[in-house]
1. Taking the Cβ of each residue in His117, His168 as the centre, tally the other Cβ atoms inside 10 Å and list the residues starting with the fewest.
2. In the stretch 56-213, how does Rg compare with the Kirkwood Rh, expressed as the Rg/Rh ratio over alpha carbon atoms?
3. Taking neighbour Cβ counts within 10 Å as the exposure measure, how do Tyr60, Tyr180 sort from fewest upward?
4. For a quick check: sort Ser140, Ser203 by the number of other beta carbons within 10 angstrom, fewest at the front.
5. Give the long-range amide H neighbours of Val126: residues separated by 5 or more places, or on another chain, with amide H under 5 Å away, using H modelled in the peptide plane at 1.01 Å from N.
6. Using alpha-carbon pairs under 8 Å, 6+ residues apart, how would you state the relative contact order of the stretch 126-199 in percent?
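Just so you know, all these numbers are worked out from the coordinates, no wet-lab data involved. Here the structure is a predicted model, which is why all the values come from computation and not from measurement. As a convention, Cβ positions derive from the backbone with ideal geometry for all residues, glycine included, and neighbour counts pool all protein chains shown.
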Amino acid sequence: MVFRNQGCSGIVELESALARKGYEKRRISPAAVEVENRADAAVAKICVFTGSRQGVRSQYAAAARQLGAALVERGYGLVYGGGNVGLMTVIADAVLELGGHVTGVIPDSLVTKEVAHQGLSDLRIVRSMHERKAVMAELSDGFIAMPGGIGTLEEFFEVLSWAQLGIHGKPCGLLNTSGYYDQLIQFLDYAVDQDFLKPKHRSLLILENGPAELLRRFEAFMAKRGDQRFDRSKI
Ligand code: AMP
């Protein structure tokens, strides 16, 4: 596990607070971080937003495990919120168990609340929710929302609105496990009907019931699009 603090001024206090909580820190030189960043960049990564709870149906956790397996099978690393709670930890554990790469990005304020996952390939502790989302967006080549609550919806709609504004050109998909997002999709269609959402922007949302189908759609989307960079200066 690597703690790569993203420019936090209170780095010493944070590190000692984490050490007190039992998080072990690996000391690495700036050059080594650079090498790791380059190695990381070589692996395509998919960001998954999902619940800090597991929901009432066993199908939700089953779908998280399936998506984790599909990511590893197709050679993608996982980027997620870094917590050890809910569906978030189910997918992270599934990827790790299959030998995949997992990057967690968590604000220091949530390290205790969501219990930062201690077994990740790379754990990045950042200063704020905003920084968390910007780092996740920068690191990832595409975004998926699985079932979740307000946090999941907020994170996903932010990257979708960034796609609408042309801040990035990365695929955004909803994994509609057990029809969880049916009403949300109906609502978006109503927004089109009422002329608050352009059909071309509604079509930015890739919708599938199964992980493998969703990743195939992502690959087709990425093959068509050239520049997928995320321009942090535009947010
Ligand atoms: P939820 O879907 O509400 O269970 O939340 C899923 C994840 O979203 C959790 O890791 C929350 O910490 C995170 N979250 C909630 N609100 C925000 C926010 N405004 N920015 C970034 N992450 C958030």
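1. Taking fewest neighbouring Cβ atoms as first place, the list is His117, His168.
2. Rg/Rh for the stretch 56-213 comes to 0.96.
3. Tyr180, Tyr60
4. Ser203, Ser140
5. Excluding prolines and chain starts, which carry no amide H, the hits are Ile106, Asp108.
6. Over the stretch 126-199, the number comes to 28 percent.
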